[in-house]
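The values are calculated or read from the model by the stated rules, or taken from the named source; none is laboratory data. For clarity, every value in this text was computed on a predicted model and none was experimentally measured. Cβ: placed from backbone, ideal geometry, glycine included. Neighbour counts: every protein chain shown.
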Amino acid sequence: ISVIIPVYGVEDYLDECLESVVGQTYKNLEIILVDDGSKDNCPAMCDAWAKKDSRIQVIHKENGGVSSARNRGFECATGDYVIFIDSDDLLHLEMLETLAKPLNEYPDVDGAFCGFSSMMENGEILQEIFKQTHDQCVDRVSAAKKVIGKQYYDVLSPNKLFRRSILQEISPLYDETIRYGEDTPWITRVLKNARKIYLSSKILFYYRKRPGSTTYGNRFDEKRLGEYKAQHQMLDAVKQYGDQELINIAKIRFYIWVSGIWRMVYQTGNQKLADQMAEELREPRKLWLAQEGIPVWKNRRLWVDKMIEWKFPKKFVHWVDTI
């Protein structure tokens with residue numbers, strides 16, 4: 001297994017992450033640390049780990065973002081299987097062995113996923129993203145419905161092990177222009193080429209939420225436009241599956257994520273982009289409303305949408321959105 005770990009600004013968490021990787025019960029590992037131009041002690045820490053464990057190799061590069069780092073690491077990977085881990089997260093010590101087993105036993109299984117929990121900086125468990133009671137093997141459409149619909153496994157890459165051969169069919173593997181939400185188009189494109197996916201009922205991965213990470217917070221900046229682009233790429237990829245139920249699930253996800261970005265854009269005063277997003281969200285919002293089953297007059301999210309469309313004062317919209 002090639003374990004690819006981009007590293008940037010995580011000196012407080014890197015040792016704990018790597019201890020959970022090198023301590024895996026599955027020992028045949030190629031651990032690739034990609035120092036993405038980190039300005040703290042991470043470069044030296046990576047080199048120190050490489051001296052302690054011969055399975056670790058380090059790549060030092062200029063900062064280009066997590067997608068760039070993952071692509072660079074994948075270029076160097078030689079394992080039959082590949083997984084991308086974030087450098088502030090934790091793995092259960094049996095995670096890789098559990099995920100590798102179905103790929104070893106079943107030639108038509110191209111990927112294996114496990115459940116995960118989210119946690120705060122101090123390790124406090126926030127939520128178990130997992131509802132499944134038993135292991136199962138599913139086709140690519142069923143797997144896509146589960147991850148895009150956030151029923152069980154979400155789009156995150158660190159709880160998913162794939163055959164390297166299936167990842168090699170995609171070029172580039174990650175879009176390096178996207179700094180937020182890069183996992184969303186990635187997983188939809190990867191699953192499109194998969195035969196079967198094994199879903200483990202075990203929670204074996206712990207995802208850390210922290211201020212300063214690329215997936216934390218609600219502040220708008222240019223990187224959020226990359227997330228907007230990522231949701232468009234996800235929709236385009238899903239349409240190639242030819243399954244209308246999956247397309248509707250993807251449109252609902254598009255609404256949930258892009259409507260949040262839309263609110264941020266409106267507050268910045270970029271009316272042209274806000275109007276463009278408003279038009280794109282009309283059909284997906286209808287699907288979301290039908291799914292939620294909440295009376296219109298009780299649906300605060302819908303009222304905030306309408307206030308933006310009617311160009312209510314920004315401060316008032318923000319107040320209604322946050323009360």
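What number of residues in the range 61-93 are closer than 28 Å to ALA194 by Cβ and in a strand (DSSP E or B)?
Going through the range 61-93 one residue at a time, the tally reaches 6.
I need the full set of residues from the range 231-290 which are β-branched (Val, Ile, Thr) and closer than 19 Å to ASP321 by Cα, in order please.
Passing the criteria: ILE256, VAL258, ILE261, VAL265, THR268.
Report yes if VAL58 is part of a helix (DSSP H, G or I) and either within 26 Å of MET234 (Cα to Cα) or assigned by TED's automatic domain parsing to the domain that holds PRO6 (or both), otherwise no.
Working: part of a helix (DSSP H, G or I): no; either within 26 Å of MET234 (Cα to Cα) or assigned by TED's automatic domain parsing to the domain that holds PRO6 (or both): yes.
So VAL58 does not fit the description; no.
Of all residues in the range 274-323, how many are part of a helix (DSSP H, G or I) and either out of contact with any helix residue (DSSP H, G or I) (no Cβ under 8 Å at 6 or more places or on another chain) or at pLDDT 90 or above (or both)? Break it down stepwise before answering.
First, pick out the residues of the range 274-323 that are part of a helix (DSSP H, G or I): 274-292, 296-298, 300-309, 314-322.
Imposing the further condition that a residue be either out of contact with any helix residue (DSSP H, G or I) (no Cβ under 8 Å at 6 or more places or on another chain) or at pLDDT 90 or above (or both) reduces the set to 274-287, 290, 292, 297-298, 306, 315, 319, 322.
Counting residues in the range 274-323 that are part of a helix (DSSP H, G or I) and either out of contact with any helix residue (DSSP H, G or I) (no Cβ under 8 Å at 6 or more places or on another chain) or at pLDDT 90 or above (or both) gives 22.
Looking for whichever is assigned to a helix (DSSP H, G or I) and either of a type in the set (A, V, I, L, M, F, W, C) or in contact with a Ser or Thr (Cβ under 9 Å, 6 or more places away or on another chain) (or both) here; the options are LEU204, LEU191. Which one fits? Please lay out each step first, then the result.
Numbers: LEU204 fails: assigned to a helix (DSSP H, G or I).
Testing whether each residue is assigned to a helix (DSSP H, G or I) and either of a type in the set (A, V, I, L, M, F, W, C) or in contact with a Ser or Thr (Cβ under 9 Å, 6 or more places away or on another chain) (or both) leaves just LEU191.
State whether the residues of the range 97-107 include one that is farther than 19 Å from ASP154 by Cβ, assigned by TED's automatic domain parsing to the domain that holds ASP154 and part of a loop (DSSP other than H, G, I, E, B). Don't jump to the end; show me each part of the working.
Keep residues of the range 97-107 that are farther than 19 Å from ASP154 by Cβ, which gives 97, 100-107.
Filter once more, so that each one left must be assigned by TED's automatic domain parsing to the domain that holds ASP154: 97, 100-107.
Those still in the list that are part of a loop (DSSP other than H, G, I, E, B) too: 106-107.
Among the residues of the range 97-107, at least one is farther than 19 Å from ASP154 by Cβ, assigned by TED's automatic domain parsing to the domain that holds ASP154 and part of a loop (DSSP other than H, G, I, E, B), which makes the answer yes.
Just to be sure before I move on: is SER117 outside any loop (DSSP other than H, G, I, E, B), modelled with pLDDT under 95 and surrounded by fewer than 20 Cβ atoms within 10 Å (Cβ to Cβ) in the structure I sent?
On the way: outside any loop (DSSP other than H, G, I, E, B): yes; modelled with pLDDT under 95: yes; surrounded by fewer than 20 Cβ atoms within 10 Å (Cβ to Cβ): yes.
The answer is yes for SER117.
Determine which member of the set TYR255, TYR241 is within 23 Å of GLU182 (Cα to Cα) and in a loop (DSSP other than H, G, I, E, B).
Values: TYR255 fails: in a loop (DSSP other than H, G, I, E, B).
After ruling out the rest, the residue left standing is TYR241.
Give all pairs with beta carbons closer than 7 Å in which a residue from the range 235-249 that is β-branched (Val, Ile, Thr) meets a residue that is in a loop (DSSP other than H, G, I, E, B); count only pairs at least 6 apart in sequence or on separate chains.
Short answer, once both residue conditions are applied: ILE249/GLY149.
Return the residues of the range 239-257 that are within 16 Å of the chain's Cα centre (by Cα) and surrounded by 21 or more Cβ atoms within 10 Å (Cβ to Cβ); say none if nothing qualifies. Step through it out loud before you land on a result.
First, pick out the residues of the range 239-257 that are within 16 Å of the chain's Cα centre (by Cα): 250, 253-254, 256-257.
Correct list: ALA250, ARG253, PHE254.
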